[in-house]
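Undergrad: Pasting in a structure now, in structure tokens, and then I'll have a few things to ask.
The values are calculated or read from the model by the stated rules, or taken from the named source; none is laboratory data. What you see is a predicted model; the values in this text were computed from it and never measured. Note that each Cβ is placed from the backbone with ideal geometry, even for glycine, and that neighbours are counted across all protein chains shown.
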Amino acid sequence: MSLELKVVDNVCVIVLDDTLGKQNVEAFTQLFRNEVRENGMRNFICDARHLRFLDTAGLSGLMACLKLAVEQEGDLRLAHMGDEPLLIFQTTNADKVLRIYESVAAALTSYQHES
């Protein structure tokens, strides 16, 4: 799994691959945990512009990362969600738990408005 990671305005932006599922969710969650524990990050955005496939393991991984962020008084938000992954979120009502934005810029702005 090759994830791009950058920090913008004290928010960690993770660009997801085309797949987040049982074959690679552990690498994603480990990267997330490392950013929290080693770098003190609390607020995250997952840029899903490339995400085409999401299974229940991937969804569970995102929820576990959200829980970790919230425990650190932070949050995890999603941006650029495509139609197929979005359907998974809507079907499971995960879109009621994780905030989804049209763009990374919109998600970043949402953090700024809470400051």
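Undergrad: What are the residues in the stretch 4-35 that are outside any strand (DSSP E or B), surrounded by 15 or more Cβ atoms within 10 Å (Cβ to Cβ) and within 13 Å of the chain's Cα centre (by Cα), if any?
TA: If the condition is that a residue be outside any strand (DSSP E or B), surrounded by 15 or more Cβ atoms within 10 Å (Cβ to Cβ) and within 13 Å of the chain's Cα centre (by Cα), then 16, 17, 25, 28, 29, 31, 32, 35 are the ones that fit.
Undergrad: Take the residues in the stretch 37-63 that are within 18 Å of residue 11 (Cα to Cα) and among the small types (Gly, Ala, Ser), then tell me which one is surrounded by the fewest Cβ atoms within 10 Å (Cβ to Cβ).
TA: Among those that are within 18 Å of residue 11 (Cα to Cα) and among the small types (Gly, Ala, Ser), it is 40.
Undergrad: Determine whether the stretch 57-70 contains at least one residue that is farther than 18 Å from residue 99 by Cα and either out of contact with any strand residue (DSSP E or B) (no Cβ under 6 Å at 6 or more places or on another chain) or modelled with pLDDT under 95 (or both).
TA: Checked against the condition, which is being farther than 18 Å from residue 99 by Cα and either out of contact with any strand residue (DSSP E or B) (no Cβ under 6 Å at 6 or more places or on another chain) or modelled with pLDDT under 95 (or both), the stretch 57-70 yields at least one hit.
Undergrad: Condition (residue is in contact with a Leu (Cβ under 6 Å, 6 or more places away or on another chain), hydrophobic (A, V, I, L, M, F, W, C) and within 20 Å of residue 2 (Cα to Cα)) applied to the stretch 60-73: is it met by at least one residue?
TA: For the stretch 60-73, residues in contact with a Leu (Cβ under 6 Å, 6 or more places away or on another chain), hydrophobic (A, V, I, L, M, F, W, C) and within 20 Å of residue 2 (Cα to Cα): present.
Undergrad: Within the stretch 59-98, how many residues turn out to be more than 14 Å from residue 47 (Cβ to Cβ) and assigned to a strand (DSSP E or B)?
TA: Residues flagged as more than 14 Å from residue 47 (Cβ to Cβ) and assigned to a strand (DSSP E or B) within the stretch 59-98 amount to 1.
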